[in-house]
């Protein structure tokens, strides 16, 4: 009789029945890499990742995930074929096979039961919706900022992960940088005196970009899925610059301009310094000096 119950992780349990027959027919010599004995992480302990949005920022974050020894990316999704193909090539090179699957529709990736977690680095118009969908499929999520575009979405996002019990991490990397941590600790220590007013200067809307960009010929859907790119955002004509992230920070009617883009960093630093992480401002007002903030 065993003194302790056998410890079987979730992946072992899910895959046990499906692989039992194959194991009986397998050779007796098992590569040490498969057991995690050569410094590699054993397959049963790896985080199986799906990457959604492999653009300017997304490609950088994606490469960071590929460098983690306990992460294996098996699926990539982007509305642009050239980005999907490049991401698959990188994942396959990292995995040592050609098994990474490409998707144009993030919902198809999220429906895969073998994926544990997803990286979401789409345009901000998709962040909240994609994260909530991921929670319903039982995925843990790393999502680039801004996590949402308004308070209602933030509440819905928090409730979704409360129900799923999953993990949501917002891409606010300044929380992990020592210089910002030092500044926050300095403010919290009282060495600067009592905090009375905190200013966040995230940049604002550029009046030159307050309207739509001019329409351009829309590429074939196999190359660029414009409807999927827009997702929950209001329709607008295709313009290549939008695919490259142009005017998310400056406005142009896409999401919230600088207030949500850099503001998600700057306002967060104020909250951090003020030890107010679990609170929200009760009043907002613009600085009316003619300068964009």
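The values are calculated or read from the model by the stated rules, or taken from the named source; none is laboratory data. Treat the numbers as computed from the prediction; the structure is a model and nothing was measured. Cβ atoms come from the backbone with ideal geometry, glycine included; neighbour counts cover every protein chain shown.
Quick rundown of the values:
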| quantity | calculated |
| --- | --- |
| Filter result (in a loop (DSSP other than H, G, I, E, B) and within 24 Å of residue 138 (Cα to Cα)) within segment 68-100 | 68, 69, 70, 78, 79, 99, 100 |
| Any hit, segment 47-61, residues being modelled with pLDDT of 95 or more, surrounded by fewer than 22 Cβ atoms within 10 Å (Cβ to Cβ) and over 22 Å from residue 243 (Cβ atoms) | yes |
| All positions within segment 145-165 that are in contact with a strand residue (DSSP E or B) (Cβ under 6 Å, 6 or more places away or on another chain) and at pLDDT 95 or above | 161 |
| Total residues in segment 159-185, condition in contact (Cβ under 8 Å) with a residue 12 or more places away in the chain and either loosely packed, with under 14 Cβ neighbours inside 10 Å or under 14 Å from residue 272 (Cα atoms) (or both) | 9 |
| Answer from 134, 87 - the residue that is crowded, with 19+ Cβ neighbours inside 10 Å, within 17 Å of residue 167 (Cβ to Cβ) and touching a helix residue (DSSP H, G or I) at 6+ places or on another chain (Cβ under 9 Å) | 134 |
| Count of segment 143-183 residues which are assigned to a loop (DSSP other than H, G, I, E, B) and over 15 Å from residue 117 (Cα atoms) | 8 |
| Pairs with Cβ under 7 Å, 6+ apart, first in segment 203-222 and surrounded by fewer than 10 Cβ atoms within 10 Å (Cβ to Cβ), second outside any loop (DSSP other than H, G, I, E, B) and at pLDDT 80 or above | 222/81 |
| Members of segment 101-121 found to be closer than 21 Å to residue 56 by Cβ, in contact with a strand residue (DSSP E or B) (Cβ under 6 Å, 6 or more places away or on another chain) and assigned to a loop (DSSP other than H, G, I, E, B), listed by number | 121 |
| Filtered residues of segment 103-115 (kept if touching a helix residue (DSSP H, G or I) at 6+ places or on another chain (Cβ under 8 Å) and buried (at least 17 other Cβ atoms within 10 Å of the Cβ)) | 103, 104, 106, 110, 115 |
| Output for segment 122-142, where each listed residue is modelled with pLDDT of 95 or more and not in a helix (DSSP H, G or I) | 137, 138, 139, 140, 141, 142 |
| Lone qualifier among 182, 168 - being in contact with a strand residue (DSSP E or B) (Cβ under 9 Å, 6 or more places away or on another chain) and at pLDDT 95 or above | 168 |
